[in-house]
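The values are calculated or read from the model by the stated rules, or taken from the named source; none is laboratory data. Note that the coordinates shown come from a computational prediction; the quantities given were computed from them, not determined experimentally. Cβ coordinates were reconstructed from backbone atoms using ideal geometry, including for glycine residues, and neighbour counts include every protein chain displayed.
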Amino acid sequence: MDNDTQLFQLLQKELERSQRGLEMIPSENFVSMEVLRALGSIGTNKYSEGYPGRRYYGGCQYVDQIEQLAIDRAKQLFGVDHANVQPYSGSPANLAVYFALLNPGDTVLGANLAFGGHMTHGLKVNFSGSLYNAINYTADKNGYLDFNEIKSLAVKHKPKMIIAGFTAYPRIIDWQKFKEIADAVGAFFMADIAHIAGLIIGGAHPSPAGIADVLTTTTHKTLRGPRGAMILSHGTVSSPTKKVERTKENIPTLIDRAIIPGLQGGPHNHTTAAIAVALYEASQPAFKDYARQIVLNAKTLADSLMNEGLDLVTAGTDNHLMVVDLTNIGVAGKEAEKTLDEVGITCNKNTVPFDTRSPFDPSGIRLGTPALTSRGFKEKDMKIIGRLIAKTLKNITDDKVKNEVKKTVRELTDQFPLYPGLQYDRPAPEIYL
């Protein structure tokens, strides 16, 4: 890459964008230099279809140990018996659970995308909504989960699987209530903890381990690892080759077979190595402080925004994110996202409960604190950021105001350097080891 100046320049620009802006998309984070090193490591060279000790290729003695390290760390951190660390990302992990436990056409009950769910929880244009009979639950008028509706839908439709876990729900999830509903109708219970995995490990959100039948998670977001995924469950792999029934006891076997040979080929060993690094970091005492700070920052930011007259779905947050309903200030989500980006604040447009606008230009925006917390931002900074966001949105056509906010954002981010010393505009960056 020493001579690829075009790519170097683009990477350098992305680094500068990240350093000089406030990254507030809840699903994004900044990994450590150690994770970057593992992700760019020699592990990318090796093909290793299969599982440790059961590969289709030779020469896997060391990648076997790397994968087993990641598996063991995941099992210990989440308190589960079985971990598959091979899914390429969150959506393939969810697809693997469907493939493992259901037949095409089976009924699935998951959250509506417009009410904080995920595409893979039953969106009609997604595999989950086109290959399966997807029923969606919503929320009450205040944006909270409506367990009466969820139970009613489950009793009526008798789903084979119920999904809990959300991309835009700002409150604590009551896993036990979902389990009770799933048990009542004989459904598998899947918990998608992609957004809150780091909070769970850090003790800042209750865990569904031991309650849900199967857990899926990405390894980025609040877990602060590379872009990969894991599937977690209880029990052991009963037989690598013999046919097994679709029962809760056989979930580990069914999951492993769904990943390979069902859906994937060789795992990405460099990503597995980086997952192992991230799990090691998450096992350190400082990670609990980090998870706690994410929530403290989110609560402070939410209060700051509401003090400035902005409306939040559920009027606050218990976790790492919040959804701002911009209806009362007459600004659309798409315009808000674009304008905030212009001043160096990165967020995403988002639907609000019972939104009357299009999902492509909804009524709200989604904000989160994981990435800012990784950089060292604290509550006092969140108060300032809340005021800057409100000021920008209330003066969305005022260039003078926007220039002032942009200047303040730059001054603020200069206090929290990101990857000090890392540069892409010079030969052989340190991460390419």
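Residue pairs whose Cβ atoms lie under 7 Å apart, separated by 6 or more positions or on different chains, with the first residue in region 1-26 and small (Gly, Ala, Ser) and the second assigned to a helix (DSSP H, G or I), are 21/409; 21/413.
Just need a number here: residues in region 265-284 that are under 16 Å from residue 200 (Cβ atoms), among the small types (Gly, Ala, Ser) and surrounded by 24 or more Cβ atoms within 10 Å (Cβ to Cβ). The number of residues fulfilling the criteria is 2. Got at least one residue in region 316-325 being over 22 Å from the mean Cα position of the chain (by Cα) and of a type in the set (Gly, Ala, Ser)? No, there is no match, as no residue in region 316-325 is over 22 Å from the mean Cα position of the chain (by Cα) and of a type in the set (Gly, Ala, Ser). Please indicate, with yes or no, whether at least one residue in region 156-171 is on the phi < 0 side of the Ramachandran plot and in a helix (DSSP H, G or I). Scanning region 156-171 turns up at least one residue that is on the phi < 0 side of the Ramachandran plot and in a helix (DSSP H, G or I). Taking helices (runs of 4 or more DSSP H) as the structural unit, those lying wholly within region 333-412 and holding at least 2 residues that are under 20 Å from the mean Cα position of the chain (by Cα) and at pLDDT 95 or above correspond to 370-375.
Output the residues belonging to region 140-174 that are crowded, with 22+ Cβ neighbours inside 10 Å, within 28 Å of residue 367 (Cα to Cα) and not β-branched (Val, Ile, Thr). Scanning region 140-174 gives 143, 145, 164, 165, 166, 168, 169, 170. Any residue at all in region 227-245 that's without any contact (Cβ under 8 Å) to a residue 40 or more places away in the chain and under 22 Å from residue 163 (Cα atoms)? Yes - at least one qualifying residue is present in region 227-245. The condition of being in contact with a Ser or Thr (Cβ under 6 Å, 6 or more places away or on another chain), more than 18 Å from residue 372 (Cβ to Cβ) and at pLDDT 95 or above holds for only one of 314, 327, that being 327.
Of the residues 409, 405, only one is touching a Ser or Thr at 6+ places or on another chain (Cβ under 8 Å) and of a type in the set (A, V, I, L, M); which? Before you say what the answer is, go through the steps one by one.
Details: 409 fails: touching a Ser or Thr at 6+ places or on another chain (Cβ under 8 Å).
So the residue among 409, 405 that is touching a Ser or Thr at 6+ places or on another chain (Cβ under 8 Å) and of a type in the set (A, V, I, L, M) is 405.
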